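For reference, the structure is listed below as structure tokens.
Just so it is clear, none of the values below were taken in a lab; they were calculated from the coordinates. Please read these numbers as outputs of a predicted model, since none were measured by experiment. Every residue, glycine as well, gets a Cβ built from its backbone with ideal geometry; the counts of neighbours run over all protein chains shown.
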Amino acid sequence: MNDETHAAPAQPQAIPVEQVKTNVIAALRTIFDPEIPVNIYDLGLIYNLDVDAEGKVDIRMTLTAPACPVAGTFPATVEARIYEVPGVTEVRVELVWEPPWSMSNLSEDAKLQLGLL
């Protein structure tokens, strides 16, 4: 007996933009500054994070100092980690130096972790 009816393959369900953004932030919190034992999100190194409906992620970030030894490689590290997030289709990481990073960029969690509160 030959069955001519086949179920259509399941299409992956689109992940809502806000959920992708939440997941990107969670991924950023798994990346740690090589000199300060705090993740780059709570350290305030992420100046701007945009996620569009197609899963394209744009990140503007800085480092604690322009002379940071990982300045040449760290954006690629961040990019690779964000590509692992479900729903992300494209990642662009831009390293910027203005405004300069300062301790005022630290989140409350980072300040607690560093003993500054």
**Request:** Specify the angular offset, from 0 to 90 degrees and rounded to the nearest 10, of the alpha carbon long axis of helix 17-28 from the longest principal axis of the alpha carbons in the chain.
**Result:** 50 degrees
**Request:** Compute the Cα gyration tensor for the range 17-105, then decide on rounded, prolate or oblate, letting a ≥ b ≥ c be the square roots of its eigenvalues: rounded whenever a/c is under 1.5, prolate when a/b is larger than b/c in the other cases, and oblate in all that remain.
**Result:** prolate
**Request:** Any chance you could give the angle, 0 to 90 degrees and rounded to 10, that helix 74-83 forms with the longest Cα principal axis of the chain?
**Result:** 30 degrees
**Item:** Virtual paramagnetic centre 7 Å along Cα→Cβ of A80, amide N under 14 Å, in the range 16-46
**Value:** 31-32
**Item:** Of all DSSP beta bridges in the range 17-105, antiparallel share, percent nearest 5
**Value:** 50 percent
**Asked** Under the rule of -39500 (n - 2.57) per DSSP H run of 4 or more residues, summed and divided by the residues of the chain, what mean residue ellipticity at 222 nm is obtained, to the nearest 500 deg cm²/dmol?
**Response** -7000 deg cm²/dmol
**Message:** Amide H of D42 versus every other amide H placed in the peptide plane: which residues, excluding those fewer than 5 positions away on the same chain, fall under 5 Å?
**Reply:** none
**Prompt:** By how many nm would the segment from D50 to T30 grow when fully extended, if each residue of separation counts as 0.36 nm and the alpha-carbon distance is taken off?
**Reply:** 5.3 nm
